[in-house]
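Q: Right, I'll just put the structure down here and ask away after.
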Amino acid sequence: MVRPVANIYVDGFNLYYGCLKGTSYKWLDLEALCGMLLPNYEIKRIRYFTARISGRPNKPDSPTRQDTYLRALATRPKVTIHFGKFLQSTVRMPLASPRQGGPRTVEVIKTEEKGSDVNLATYLLIDAFRSDSNVAVVVSNDSDLCEPIRIVQDEFKVPVGLLIPHSRTSDALRKLRPAFIKQIRHGALSASQLPAKVTDAHGRTISRPLAW
């Protein structure tokens, strides 16, 4: 029996903050995870959307660890990585409950990820226009993606399924009546880790960071 072909579109930051941050599952093999969660589909391509982060005073090594993971992830033949931009600035923000006679504002480090959701929506629409797969699967719980998902389903007649990194699915996404909704649980993450050492196309060994 021929399995339907699926393309996967991964919102990297939504995945990280939804189910990876604070866990030991950050060395994630997206091919293995998608194969486990979508056993009835042939996975054609996995598009991973992210941005290179900047270091913070309390986490100066974060960019190095992220780069190591991205190089390891790029060894997976079905995965392509698409970059947005990560912006970091120091801004002054008002305090919610300033003390009497004290300062009313405080300086904070503001971080913004720009472009990944637009890039994801763009490739989702382009691939649907090209009839590149029988089904599209979005890994995100971001309701900003509702309109491109609706267009893909209603205008291009490509079913869209959702893999949700969060404990609760966005009501706006649920109202789109996706082909399916599956939650990404810790058991699947644990069973879908990259080997501790992988080798890239140039024969270089990439090792999982000791601390994350």
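Computed from the coordinates by the stated procedures, all read-outs in this text should not be read as laboratory data. The shown structure was predicted, so the numbers you read here are calculated from the model rather than taken from an experiment. Cβ: placed from backbone, ideal geometry, glycine included. Neighbour counts: every protein chain shown.
Q: Exactly which chymotrypsin sites (Phe, Trp or Tyr not before Pro) in the stretch 109-204 are in a DSSP loop and have at most 15 other Cβ atoms within 10 Å?
A: Phe180
Q: Which of the three applies to the chain, rounded, prolate or oblate, going by the alpha-carbon gyration tensor with a ≥ b ≥ c and a/c under 1.5 meaning rounded?
A: Oblate is the answer for the chain, as a/c is 1.5 or above yet b/c matches or exceeds a/b.
Q: Which whole-Hz couplings ³J(HN,Hα) result when phi for each residue of the stretch 20-31 is put into the Karplus expression 6.51 cos²θ - 1.76 cosθ + 1.60, θ = phi - 60°, listed in order with x for Gly and Pro?
A: With coefficients 6.51, -1.76 and 1.60, one gets 10, 4, x, 10, 9, 10, 6, 7, 8, 8, 5, 4 Hz.
Q: Let me ask something additional. What fraction of the DSSP beta bridges in the chain is antiparallel, stated in percent and rounded to the nearest 5?
A: Just about 40 percent of them are antiparallel.
Q: Check Ile181: other-chain or 5+ apart residues with amide H under 5 Å from its amide H, H built from backbone geometry?
A: Leu162
Q: Next question. Between Ala96 and Thr122, how high is the FRET efficiency from 1/(1 + (r/R0)^6) when r is the Cβ-Cβ distance and R₀ = 41 Å? Nearest 0.05.
A: Step by step, r from the Cβ atoms, then E = 0.65.
Q: Can you tell me the length gained on complete extension of the stretch Phe180 to Asp132, counting 0.36 nm per residue apart and subtracting the Cα distance?
A: Taking Phe180 through Asp132 to full extension adds about 15.4 nm, to one decimal.
Q: If you don't mind, another one. Where in the chain is the longest stretch that carries no trypsin sites (Lys or Arg not before Pro) classed as loop by DSSP and with at most 14 other Cβ atoms within 10 Å?
A: Free of exposed loop sites, the longest segment is 53-98.
Q: Further, regarding this structure: Counting Lys +1, Arg +1, Asp -1, Glu -1, what net charge surrounds Gln193 among other residues with beta carbon under 11 Å of its beta carbon?
A: Result for the local shell: +1.
Q: Could you check the spin-label model distance between Lys197 and Arg104? Points 7 Å from the Cα along Cα→Cβ, value in nm.
A: Distance between label points: 6.1 nm.
Q: Still on this structure: Could you list Ser62, Ser24 in order of exposure, starting from the residue whose Cβ has the fewest other Cβ atoms within 10 Å?
A: Ser24, Ser62
Q: Cα axis of helix 62-73 to longest principal axis of the chain: angle in degrees, 0 to 90, nearest 10?
A: The angle comes out at about 10 degrees.
Q: Same structure, new question: For Asp144, what charge total do you get from the other residues with a beta carbon under 10 Å from its beta carbon, if Lys and Arg give +1 and Asp and Glu give -1?
A: Net charge in that neighbourhood comes out at -4.
Q: Now, a different point. Name the long-range amide H neighbours of His82: under 5 Å, sequence gap of 5 or more, or other chain; modelled H, no Pro or chain starts.
A: Long-range HN contacts for His82: Tyr48, Phe49, Thr50.
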